[in-house]
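Just so you know, all these numbers are worked out from the coordinates, no wet-lab data involved. None of these values were measured; they are calculated from a predicted model. Here Cβ is always computed from backbone atoms with ideal geometry, including for glycine, and neighbour counts include all displayed protein chains.
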Amino acid sequence: MAAGLPATERFRAYGPRHLDDIAARFGVPDQIRETVRRLSLVLPFRVNEYVLTHLVDWDRVPDDPLFQLTFPQHGMLDAADEEQLGKLSEDPGDRLLLRDLVRDIRARLNPHPSGQQQYNVPHHEGTALPGLQHKYHETVLYFPGQGQTCHAYCTYCFRWAQFVGDADLRFAAPDPTGLLAYLAAHPEVSDVLITGGDPMVMSTERLRRHVEPLLGIESVATVRIGTKSVAYWPQRFTTDQDADDVLRLFEQVVAAGKQLAVMAHFSHPRELETAPARHALQRIRATGAVVYCQAPLIAHVNDDPATWSTLWRTELAAGAVPYYLFVERDTGPHEYFKVPLA
Ligand code: SF4
């Protein structure tokens, strides 16, 4: 039971209001803490106990790749914006100006790259389905409303707009009704990618409500789950209260004759090197699911050949398949193209 686990094995998320505690606990210099505080006014910031104690190497901060991956960094915003954020946030009288500045900076950060909101949202019987994206012929992306957060946030995330509390920017479906109607009208769709955020933040019972209805649809051959939980919270598959239940759900998908593809997101080899992550992968694979791996090329995190070589070897050794590498385009912030690996 989760209540009997040591503190490091229970899920606990930390955000901007915990920054001072994190800095004091791990000896983060004041200047770095202040940078993170300013940037997290604009960009979502979230870590958890596992990321802090198993992944970040605090002796190497700020250069540590896992610190770079999860703590917003100097240089991610214009210097003038960063300075202005500092000024306005120090004066409680400037709250409205601060709010407007944050909104303005976010609008310039390309909240919906590649025209996602404009071109990819499908319609059914004349109604837009805002919790879906249909970009590739055979694949529909499905964003269940309760899965639109993550166990920690990546600093480069192109889905950052899902996490800033602006309903106009967010993709989210309250339930699978729209998805099911769309699939019935589009038998050419063979793959459903349940994505977010991270669908694995949902309890198994919640996840089941989104997955089970797909099992009776003949035209759906593959259920994909996009997740970074093995990297950021592998306990989801090992010691969480409903960890066994989620594995039984995975087995149910496979028994229904569907391919279950766990699209795992690993950005750096260290994420796969911990005992909990290895154990999680073992348990997931034992259900009959196939684990495919994907990640973007990220400055200061994995932008050297040796890191990729180690990452792919570590993935293969764990029985997972390196699948996609994402590379940022020069057409705007958070615009990526995919390089298939398998
Ligand atoms: S886990 Fe995925 S969706 Fe969540 S912050 Fe990282 S890149 Fe974004």
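Net charge within 13 Å of residue 18 by Cβ-Cβ distance, Lys/Arg positive one each and Asp/Glu negative one each, not counting residue 18 itself?
Charge balance in the 13 Å sphere: +3.
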Report task. Name the long-range amide H neighbours of residue 149: under 5 Å, sequence gap of 5 or more, or other chain; modelled H, no Pro or chain starts. Result -> 198
Requested in this report: May I ask you to list the lysines whose Cα is less than 16 Å away from that of residue 338, ignoring any residue fewer than eight positions away on the same chain?
Outcome: 135
**Report entry** Calculated [θ] (222 nm, deg cm²/dmol) that DSSP helices of n ≥ 4 give over the chain, each run adding -39,500 (n - 2.57)
**Finding:** -9500 deg cm²/dmol
Query raised in the report: If you take every DSSP beta bridge whose two residues both sit in the stretch 113-340, what share of them, in percent to the nearest 5, is antiparallel?
Result: 30
Requested in this report: Grab the Cα-Cα distance for residue 136 and residue 206, subtract it from 0.36 nm times how many residues apart they are, and report the gain in nm with one decimal.
Outcome: 22.5 nm
Query raised in the report: How far, in nm, would the chain grow between residue 60 and residue 74 when pulled straight, counting 0.36 nm per residue and subtracting the alpha carbon separation?
Result: 3.4 nm
Query raised in the report: What order, most packed first, do the peptides 272-283, 154-165, 71-82 have when packing is the mean number of other Cβ atoms within 10 Å of each residue?
Result: 154-165, 272-283, 71-82
Query raised in the report: Which value, to two decimals, describes the C-alpha radius of gyration of the chain once divided by 2.2 N^0.38 Å?
Result: 0.99
Report summary line: The answer for the net charge of residues other than residue 174 whose Cβ lies under 14 angstrom from its Cβ, with Lys and Arg +1 and Asp and Glu -1, is +2
